[in-house]
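The structure under discussion appears below in the form of structure tokens.
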Amino acid sequence: MKSRRRTFLQTVALSGLAPAAPGQDDRAAQGTRRAGARSGIAYPRTFTGRQLAMIAFPLGGVGAGSIALGGRGQLRDWEIFNRPDKGKAPSFAFASIWARSGSRKPVARVLESRILPPYEGPSGLGTNSAPGLPRLRSAAFTGEFPLAAIAFRDAALPAAVRLEAFTPFIPLDADESGLPVAVLRYNVRNPAAVPLQVSIAWSLDNPVGAQGRMNEHRAGQGIEGLYMHNPLLAGTDPLAGSFVLAALDPGTGKLTYQPSWREGRWWVGPLLFWDDFSSDGELSPVAERKSTVGSLCLSRELKPGGEADFTFLLAWHFPNRTPERCGWRAAKGEEKTVIGNWYSSRFRDAWEAAQYAAERLPGLESRTRAFVQAMRDSTLPGSVRDAATANLSTFVSTTCFRTADGAFHAFEGSNNDRGCCYGNCTHVWNYEAATPHLFPSLSRSLREAAFGFSTDPEGRMDFRQILPAGKERNGQAATDGQMGAIMKLYLDWRLSGDTEWLKRHWPAARRALEFSWVPGGWDADRDGVMEGVQHNTYDVEFYGPNPLCGIWYLGALRAGEEMARAAGDNGPAGEYRRLFESGSRWIDANLFNGQYYVQKVRGIPKDQVARGLTVGMGAADPNHPDFQAGEGCLVDQLLGQYLAHIAGLGYLLNPKNIATALASVYKYNYRESLETHESVQRIYALNDEAALVICDYSRAERPEVPFPYFAEAWTGLEYSTAAHMMFEGLVTQGVRVVENVRRRHDGEKRNPWNEPECGHHYARAMAAWALVVALSGFRCHAGEKSIEAKPRIRPENFTCFWSGGTAWGTFSQTAGPRGLRFRLAVKGGTLECRKVQLAALGTPAPKTAVRAGGTALEHRVERAGKETVVTLARAAVLKGGEELEILV
């Protein structure tokens, strides 16, 4: 295979479509930098000035809802009520700081930077969160999900203030990463030579419903604050629940509080609160008629040059999730059925959730910061780390949730006030690579739904799941979604090594794969080529052979072959191999036009189409279909190969053709500027921004009515294509595509932690995690107890995060005159490893050595071409904090 790859790269170079030579590429990059379009993105990324305007950094647990931290330090988008709520926030939700240096006059400010334009509204800026109170002059926001930091600046404030905000986020631990909490830690430093008195107060309007809201003071172990609830709401009300505003370690300072502000006409409450707080930095009890706004104040004295943390914890508990409220399609009559939240099965109310988080915060935070540090220490390009981590925020957005039984569910995205496109949509979620690698239990949950009730006895898989689960089927299959789900099942098994789990789902997976052969189906003549009506991610049906669905099918056949053998069902494995080889030959011979793969449109009589293959959004006349791709250059034509690389399934087509097609995608679909690009469709990039467009017709006649999204640019497709470029050695081009996407999300034009498509926080964009997989060259096969680490960028001195189904950590390698030194550190979980495949770099060491925990391990080394394989006599079992070291 290695020699074959060298041959096809030489051939591609002769065709003029290979990556530029180093000097040429450097000159091109210099030219684009001079044009202002290209410069490296640092990691972590920092935003200032107008770039703060669009920032909304989600804080919350995986599948537990979120509250966004704005670029100025404000809280926005309170999406904790079992549905999206873009732009929604309580009438008052803000922090304040009071500081007095020595005997000087105290200074009081709202602990946010100044409000940014525009300043327009029917009542100006209104009164919510007191926009007329003084705020700090400026802020610098640094984000590296799940951790955000804001450095505030104001010469009038006699203190240096920095905010760190996060929710625990720990690879492979979905439960501890799914807490309904947010931590806000303000670090205050005294730069003066005299003592500094400091107070920070948090004020919040009770968010639980409307009439009947009550706030009460509570104290627990290391935590004290306000418990907000609404006893007048019925227990089944969609808004019934509770919220906590608390301070941690209150005993390290003085805590004062007002469970409620004074209620009065006009703006009596905020006026008297500010008078009270700004006078002495403490809060006095309110005896008069009380409102629903409460405040909590923590005061401390800082020695000259000293510093202190003021840590606040927000927690929520809203158990009454229903399909109707969140926007999910329900089984008939079940629209108002409470399907619940997993966190509400773990905690009785918000106080219990807050107490749980507070007691375990040191450990949870340490594990979270270990992940953050692993990404920070990586030598991957800054834009790749930025894209990969930023899109992990989708896990904590309203796009994702876990029902009371713990099952993971997800929309495609989130509209402003309801989910967008329900159902764990297979043809969208197949693009992303984050869930299998970071939260494999949640990935397996998706597979259990897909290969459970959603796959009917004939093998037809619903590409959208209806809830409550197990009561009603959608009855519609998506070709790419169904084939991709089979490949994802293989990936989940490979990462976990759980063959018993695979065996449970294999019968359904076999039915799903062989459903392709039913009369009127996708491959009714069983030749390995999909000719039938193929509903796909473009919300239409493609008619006739095409690369998008056809290569997905090849990947499913390969995955089916491997799983059949692993499950002990050897009978069909040979047939899957025959169809794979037949289909692969045919697609290379008939769909590859010398530069890329194309669709051959073939009409099909309507009465010859199997049930459930059309969704009603495509061609009106199946004999002469419109909404087709035709002979255009499709950006994701090789998507099945992309996932095959991630899953370790090898090449599905001629590698030479694949490399040529990817180079063509970059040549034809890449736009350095969209100033003259014509599109009447949805717009995600425009003007002088650079992007990959979905389909290019510069070398082919465009169908009069092509498929609906052909002129758009989706970040999820850009990331998956960039990752595939990296797999094939087109690293410079792939990184450039990624940089373009992240440059568009610059905080001023777009929120860096929200990449939309059909809805905010779109799941397809989590394909960004595949960039880490591709460039690190790291793959894990738990069943074989083997790992592969072959970095594709700067391999001679490389460090990166890695994860498998049972463990995660970092690995590094350095190559030099004394050989290749490889080190793998486990940060969490347990890894069993017997075989390590490495690239042969550097000068071979005179003597090889393998150690785990300082103990030498018996091993053998085999070298073949540019690969070195180290096999241990017995598998090493590595737990958190342990390392495997190899010198070859």
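The values are calculated or read from the model by the stated rules, or taken from the named source; none is laboratory data. No experiment lies behind these values; they were computed from the predicted model shown. Virtual Cβ from ideal backbone geometry, glycine too; neighbours counted across all protein chains shown. The protein model used for the area step is the full one, side chains on, heavy atoms only, and it has no ligands, DNA or RNA in it. Shrake-Rupley method; radii C 1.70, N 1.55, O 1.52, S 1.80 Å.
If you scan region 159-180, which residues turn out to be open to solvent by 10 Å² or more (accessible area, probe 1.4 Å), in contact with a Leu (Cβ under 8 Å, 6 or more places away or on another chain) and within 23 Å of ALA247 (Cα to Cα)? ALA159, GLU164, GLU176 - these are the residues of region 159-180 that are open to solvent by 10 Å² or more (accessible area, probe 1.4 Å), in contact with a Leu (Cβ under 8 Å, 6 or more places away or on another chain) and within 23 Å of ALA247 (Cα to Cα). Take the residues of region 739-765 that are open to solvent by 10 Å² or more (accessible area, probe 1.4 Å), acidic (Asp, Glu) and in contact with a Ser or Thr (Cβ under 8 Å, 6 or more places away or on another chain): which is farthest from ALA387 (Cα to Cα)? Among those that are open to solvent by 10 Å² or more (accessible area, probe 1.4 Å), acidic (Asp, Glu) and in contact with a Ser or Thr (Cβ under 8 Å, 6 or more places away or on another chain), it is GLU757. Applying the set (1) closer than 18 Å to TYR186 by Cα; (2) among the β-branched types (Val, Ile, Thr); (3) assigned to a loop (DSSP other than H, G, I, E, B) to VAL110 leaves exactly one unmet item: (3). Among the residues of region 833-856, those identified as at pLDDT 95 or above, touching a Ser or Thr at 6+ places or on another chain (Cβ under 9 Å) and among the aliphatic types (A, V, I, L, M) are VAL836, LEU838. Note on region 777-832: enclosed strands (runs of 3 or more DSSP E) holding 2 or more residues that are modelled with pLDDT under 95 and of a type outside the set (D, E, K, R) are 807-816.
Determine, yes or no, whether ALA770 is farther than 30 Å from LEU502 by Cβ, part of a helix (DSSP H, G or I), open to solvent by less than 10 Å² (accessible area, probe 1.4 Å) and of a type outside the set (Ser, Thr, Tyr). Considered against the rule, which asks whether it is farther than 30 Å from LEU502 by Cβ, part of a helix (DSSP H, G or I), open to solvent by less than 10 Å² (accessible area, probe 1.4 Å) and of a type outside the set (Ser, Thr, Tyr), ALA770 comes out as no.
The residue pairs whose first member lies in region 841-867 and is closer than 11 Å to VAL888 by Cα and in contact (Cβ under 8 Å) with a residue 12 or more places away in the chain, whose second member is open to solvent by 50 Å² or more (accessible area, probe 1.4 Å) and small (Gly, Ala, Ser), and whose beta carbons are closer than 9 Å, counting only pairs six or more residues apart or on different chains, are ALA849/ALA856; VAL850/ALA856.
Applying the selection to region 147-169, what residues are touching a residue at least 24 places away in the same chain (Cβ under 8 Å) and not in a strand (DSSP E or B)? If the condition is that a residue be touching a residue at least 24 places away in the same chain (Cβ under 8 Å) and not in a strand (DSSP E or B), then ASP154, ALA156, LEU157, PRO158, ALA159, THR167, PRO168, PHE169 are the ones that fit. Where helices (runs of 4 or more DSSP H) fall entirely within region 402-471, those with at least 1 residues that are within 18 Å of PRO171 (Cβ to Cβ) and touching a residue at least 24 places away in the same chain (Cβ under 8 Å) are at 434-438, 440-450.
Please give the helices (runs of 4 or more DSSP H) falling wholly within region 275-385 in which 2 or more residues are of a type in the set (D, E, K, R). Before the answer, list the steps.
Values: elements: 323-326, 342-346, 350-377.
Helices (runs of 4 or more DSSP H) meeting the threshold: 323-326, 350-377.
Do the conditions hold for THR806, that is, is it under 17 Å from GLY880 (Cα atoms) and of a type in the set (Ser, Thr, Tyr)? Step through it out loud before you land on a result.
On the way: under 17 Å from GLY880 (Cα atoms): yes; of a type in the set (Ser, Thr, Tyr): yes.
When the stated conditions are applied, THR806 passes them.
For ALA234, the requirement of being in a loop (DSSP other than H, G, I, E, B) and free of Cβ contacts under 8 Å to residues at least 12 places away in the same chain is met. Taking the criterion of being open to solvent by less than 20 Å² (accessible area, probe 1.4 Å), under 22 Å from ALA629 (Cβ atoms) and within 32 Å of the chain's Cα centre (by Cα), would at least one residue in region 495-515 satisfy it? The answer is no; no qualifying residue exists. Being within 19 Å of GLN595 (Cβ to Cβ), surrounded by 21 or more Cβ atoms within 10 Å (Cβ to Cβ) and among the small types (Gly, Ala, Ser) holds for only one residue in ALA663, ALA685, ALA644, ALA691, and it is ALA663.
Scanning region 857-888 for residues that are in contact with a strand residue (DSSP E or B) (Cβ under 7 Å, 6 or more places away or on another chain), open to solvent by 50 Å² or more (accessible area, probe 1.4 Å) and in a strand (DSSP E or B) yields HIS859, ARG860, GLU862, VAL877, LYS879, GLU883, GLU885. Among the criteria (1) touching a strand residue (DSSP E or B) at 6+ places or on another chain (Cβ under 8 Å); (2) part of a loop (DSSP other than H, G, I, E, B), the one ALA512 does not fulfil is (2).
Scanning region 286-315 for residues that are among the hydrophobic types (A, V, I, L, M, F, W, C) and closer than 22 Å to ALA357 by Cα yields LEU296, CYS297, LEU298, ALA308, PHE310, PHE312, LEU313, LEU314, ALA315. Has region 193-206 got any residue that is farther than 28 Å from ALA807 by Cα, open to solvent by 20 Å² or more (accessible area, probe 1.4 Å), of a type outside the set (Ser, Thr, Tyr) and part of a strand (DSSP E or B)? Checking region 193-206: at least one residue is farther than 28 Å from ALA807 by Cα, open to solvent by 20 Å² or more (accessible area, probe 1.4 Å), of a type outside the set (Ser, Thr, Tyr) and part of a strand (DSSP E or B). Would you be able to say whether some residue in region 116-128 is open to solvent by less than 40 Å² (accessible area, probe 1.4 Å) and touching a strand residue (DSSP E or B) at 6+ places or on another chain (Cβ under 7 Å)? Among the residues of region 116-128, not one is open to solvent by less than 40 Å² (accessible area, probe 1.4 Å) and touching a strand residue (DSSP E or B) at 6+ places or on another chain (Cβ under 7 Å), which makes the answer no. When the residues of region 358-415 are filtered to those that are surrounded by fewer than 24 Cβ atoms within 10 Å (Cβ to Cβ) and of a type in the set (Asp, Glu), which remaining residue is nearest to ARG346 (Cα to Cα)? In this case the residue turns out to be ASP405. Every condition in (1) open to solvent by 10 Å² or more (accessible area, probe 1.4 Å); (2) within 27 Å of the chain's Cα centre (by Cα) holds for THR676 except the one numbered (2).
The numbered conditions (1) surrounded by 19 or more Cβ atoms within 10 Å (Cβ to Cβ); (2) in a loop (DSSP other than H, G, I, E, B) are all true for GLY264 except (1). Among the residues making up region 810-824, those that are surrounded by fewer than 20 Cβ atoms within 10 Å (Cβ to Cβ) and of a type in the set (Ser, Thr, Tyr) are SER812, THR814. In region 346-354, is there at least one residue being out of contact with any strand residue (DSSP E or B) (no Cβ under 8 Å at 6 or more places or on another chain), farther than 23 Å from GLU164 by Cα and touching a residue at least 60 places away in the same chain (Cβ under 8 Å)? Yes, that holds for at least one residue. As a summary of the residue check, LEU841 satisfies the conditions (1) in a loop (DSSP other than H, G, I, E, B); (2) open to solvent by less than 40 Å² (accessible area, probe 1.4 Å); (3) touching a strand residue (DSSP E or B) at 6+ places or on another chain (Cβ under 9 Å); (4) of a type in the set (A, V, I, L, M) except for the one numbered (2). Considering only region 825-838, state which residues are in contact with an Asp or Glu (Cβ under 9 Å, 6 or more places away or on another chain) and open to solvent by 60 Å² or more (accessible area, probe 1.4 Å). Selection gives ARG834, LYS835.
Among the candidates ALA564, ALA610, ALA559, ALA620, which residue alone is more than 24 Å from ILE694 (Cα to Cα) and at pLDDT below 95?
On the way: ALA564 fails: at pLDDT below 95; ALA559 fails: at pLDDT below 95; ALA620 fails: more than 24 Å from ILE694 (Cα to Cα).
Being more than 24 Å from ILE694 (Cα to Cα) and at pLDDT below 95 holds for just one of ALA564, ALA610, ALA559, ALA620, which is ALA610.
The residues of region 459-473 that are open to solvent by 20 Å² or more (accessible area, probe 1.4 Å) and under 20 Å from VAL533 (Cα atoms) amount to a single one, ARG464.
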